[in-house]
Structure formats: structure tokens, C-alpha cells
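This report refers to the structure that appears directly beneath it.
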Amino acid sequence: MSKPVFVVTEQRDGLFRKVSFEALSEGRRIADSLGSPVVAIIVGSGVEALAETAGHYGADRALVADSDIFVNYTAEGYTKTILKAIQQVDPEIVLIPASSMGKDLAPRLAARLDCGLAADCIALAVDNGRVLAKRTMYANKILADVQFNSTLGIASLRPNIFPAAQPDTSRKATVEPLKVDISQTDLKAVVKELISGAGEKIDISEANVIVAGGRGMKGPDQFKILEKLAAVLKGAVGASRSAVDSGWRQHADQVGQTGKTVAPDIYIACGISGAIQHLAGMSSSKCIVAINKDPDAPIFQRADYGIVGDLFEVVPRLTEELKKVVE
Ligand code: FAD
């Protein structure tokens, strides 16, 4: 049997984030190709129950580091704990979500383990018993195939790209509590409190429907019409970088190369031209609807449905019509 596939999971408030299901499912797929087991690590406070769920998504072993000190993510605490576990398990590959947490953690682990890191991967494959990674470069303009020169490799997985498998409740992981030997004095910086953005209900990276606005919204107050449409569709409101840079929306809402990668079932782009950096974050959406008054806007080349018109007329009418269908 080959060496294990090690999956770093991410949870918040004792619940797995969607990226964890994606990483566990991809870990299972790669492990099946390698003929190796999947070892998952769960770090947090009050997270023991998650080990069972990790098993449903493909983990054979679930290492649980449960301590009050992990109530919020800390770079030193998580790095030290996960590093120790990786050294004990001696895996073939470490998979980690390329979320904000994973982007902080993965290079720290790679530096300490002196191994290669393929960051923000969009596909993995197994060739001759070795894991190969595919990642984009230069704002998705080219694709690079990455091979690890080090014995161990770390691959961070772009959120919303790797499909999460259906959970198999008959699968069980062996649960192994990890001894946590971190104290407050080990931590150079601590997160005191996490404050959700005002009015932010669903994180765009986890939403099934996103209604996004760009410079064409003309100001922050006008986003209310997008919030109404999103509420009818039980979705979230996203934004282009222009809208974020103008201070109309918070950065957490930004879709694109320097924002979040999203892949909802429906993405409705309102007053967004479709610059390559925006498309980099949303072109994997299952159905793209564009509303723009310029028939030559590049977004229409990617859209499944396009409405040429003034969004301030189209969006309220669309909301009213959808209300009749949905409610
Ligand atoms: P614009 O390009 O100005 O488009 C506004 C659109 O609104 C136009 O098509 C117009 O026809 C339409 N419109 C205006 N009024 C109406 C109306 N009443 N009804 C209907 N339509 C209307 N951008 C991102 O979005 N995300 C990123 O992560 C990102 N990262 C970047 C990283 C780098 C390194 C760089 C250089 C750029 C990045 N950008 C990013 C910026 C990107 O290049 C574009 O400038 C930006 O996406 C444009 O935003 P927009 O489509 O809202 O605005």
C-alpha cells in the first residue's frame, strides 16, 4: 500500500466548511488511484463530532486536535499541530483548501517540511504512482502541469472547483485524538474575535445563487435591488472589483482573480463588463446570466442567458416575476 493522502480540513464554529468536503472527496479519489488510505486532520475547539463526518466523505483515519486554544485560527498553533501530525503520518501528498486559512497555512507547512507546494490547483491526477497537479497562471491565461521534485508534496485546492462527493454514511473513520502541546505563549498573534460583515448572510463562496453588481450599479444604495433579487432566490450578493474599490461593497463580496472563486448554480452579473480578472473568479458557474446595457460587453460571450437593457429596469421586473414562481 502506498503512503497516505493527508487532508487538512477547515471548520468554523464546529461545522465543516464546504472546502473540507471538496478536499476530502478529492483526497479519496487520489488515494483510490494510489491505493493508499486517507488521513484527515481536524483542528478546532469542540470538533470531535466532525470525525464521523470526515469518514462519510472518505477519510480512513481522522486525527482530532481539540482544544480551547483553537477556537479561532492562529498561524503558529495550527502550523505546529498540523506539522507534527504530517511528520507522524509520513504521507505521499498533503491536500489543503486554498481558502484564506489554507493560503496562510500551506506555505508555512511547505517551508518547514522543505517540500514543494502547488498552490491554488484546479485538478490533480496520478501518474506512475506520483501525484501531478494542474494550476492556472497569469490570471487563468495559461495552465501549468506541476510535478513535485520533493518526496512529499503539498497541493492547495481552489475552492468550488473540486466536486464534493455524496456522503456515504456507512463509511467510518478511525478516530485518533491528538495531544495538543501549544500554550498561549507559543502564539505570536491571536484572533480575539470574528465579526461577520453587516447584513452578510451567506458567504458567496458557499452560495448556490449569486447576484453580482459592478460599476454599472452606480453607487452603494443601488445594491438594495440586487439584495432583493438575491433574497427571492435565497442567494448572496457579490461584486466586481470596481464596486469594491469604490467602497460600495466589502472585499469579502469580491469575485475574481483578487477576490473569491465561485461556482454557483446561477450567477447573475448586473452592470459588470466581464473583464478577464472577473471571469477568472466566476466562469465555472453552472448558469451565467448577464444584464448589461452594452450589447458588446464581453460578459455576453460567457453568458448562457443575456439581457441587453438598463439593469435598473430589468432587475426589479425580474425580481417581481421570480417572486411569482418561487413563492
Ligand atoms: P466596468 O468594466 O466599468 O463595467 C461596467 C459595466 O456596467 C459596463 O459593461 C456597462 O455597460 C454596464 N452598465 C453601466 N450602467 C448600466 C446600466 N444602467 N444597466 C446595465 N448595465 C450597465 N476585477 C474583478 O471584478 N475582480 C477581481 O478580482 C479583479 N482583480 C484584478 C486584478 C488585477 C491585477 C487587475 C489589473 C484588475 C483586476 N480586476 C478585477 C479589475 C478588472 O480588470 C476590471 O477593471 C473590473 O472587473 C471592471 O469592473 P466592472 O465590470 O464592474 O466595471
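Couple of notes before you dig in:
- Scanning residues 5 or more positions from Val146 or on other chains, those with amide H under 5 Å from its amide H are Ala133, Lys134, Arg135, with H placed 1.01 Å from N in the peptide plane.
- C-alpha long axis of helix 18-34 to longest principal axis of the chain, angle in °: 50
- Whole-number percent relative contact order across segment 167-287, with pairs defined as alpha carbons under 8 Å at least 6 apart: 25
- Folded to 0 to 90 degrees: helix 223-232 orientation relative to the chain principal axis, Cα: 70
- Cross-link pairs Lys218/Lys260; Lys134/Lys234; Lys80/Lys172; Lys179/Lys234 - those with Cα-Cα distance over 30 Å: Lys134/Lys234; Lys179/Lys234
- Of the solvent-accessible surface of the chain, computed with a 1.4 Å probe and all protein chains present, 50% belongs to carbon and sulfur.
- Volume of the convex hull of segment 1-144 (Cα atoms only), normalised per residue: 106 Å³.
- Taking a ≥ b ≥ c as the square roots of the Cα gyration tensor eigenvalues, segment 194-327 comes out rounded, since a/c falls below 1.5.
- Full extension of the segment from Glu76 to Lys188, taken as 0.36 nm per residue of separation minus the current Cα-Cα distance, would add 39.6 nm.
- Ligands, DNA and RNA are left out, and with a 1.4 angstrom probe the accessible area of segment 174-266 is 56 Å² per residue.
- The chain: relative contact order in percent, alpha carbon pairs under 8 Å with at least 6 residues between: 14
- Put simply, when 287-294, 238-245 are sorted by average Cβ atoms within 10 angstrom per residue, most first, you get 238-245, 287-294.
- Residue by residue, segment 84-99 carries 3J(HN,Hα) couplings of 4, 5, 4, 4, 5, 6, 6, x, 7, 8, 10, 10, 8, x, 8, 8 Hz when phi is fed to the Karplus relation 6.51 cos²θ - 1.76 cosθ + 1.60 (θ = phi - 60°); x denotes Gly or Pro.
- Measuring r between the beta carbons of Gln88 and Met137 and using R0 = 45 Å, the FRET efficiency lands at 0.85.
- Angle between the chain longest axis and helix 100-113 axis [Cα atoms, degrees, rounded to 10]: 30
- Over segment 179-242, relative contact order from alpha-carbon pairs under 8 Å, at least 6 apart, %: 36
- Under 20 Å from the Cα of Lys84 - aspartates and glutamates, other chains or at least 8 residues apart: Glu10, Glu48, Asp60, Asp66, Asp68, Glu76, Glu92, Asp104, Asp114, Glu176, Asp181, Asp186
- The calculated Kirkwood hydrodynamic radius for the chain is 21.0 Å, given to one decimal from all distinct C-alpha pairs.
- Using θ = phi - 60° in the Karplus curve 6.51 cos²θ - 1.76 cosθ + 1.60, the 3J(HN,Hα) couplings for segment 313-318 round to 9, 5, 4, x, 5, 4 Hz; x is entered for Gly and Pro.
- Each Lys and Arg Cβ is given +1 and each Asp and Glu Cβ -1; about its Cα centre, the chain then shows a dipole of about 400 debye.
- Summing Lys and Arg as +1 and Asp and Glu as -1 over all other residues whose Cβ lies under 14 Å from the Cβ of Ala139 gives a net charge of +3.
The values are calculated or read from the model by the stated rules, or taken from the named source; none is laboratory data. Nothing here was measured: the structure is a model prediction, and the numbers come from that model. Positions of Cβ are backbone-derived with ideal geometry, glycine not excepted, and every protein chain shown enters the neighbour counts. The protein model used for the area step is the full one, side chains on, heavy atoms only, and it has no ligands, DNA or RNA in it. Shrake-Rupley method; radii C 1.70, N 1.55, O 1.52, S 1.80 Å.
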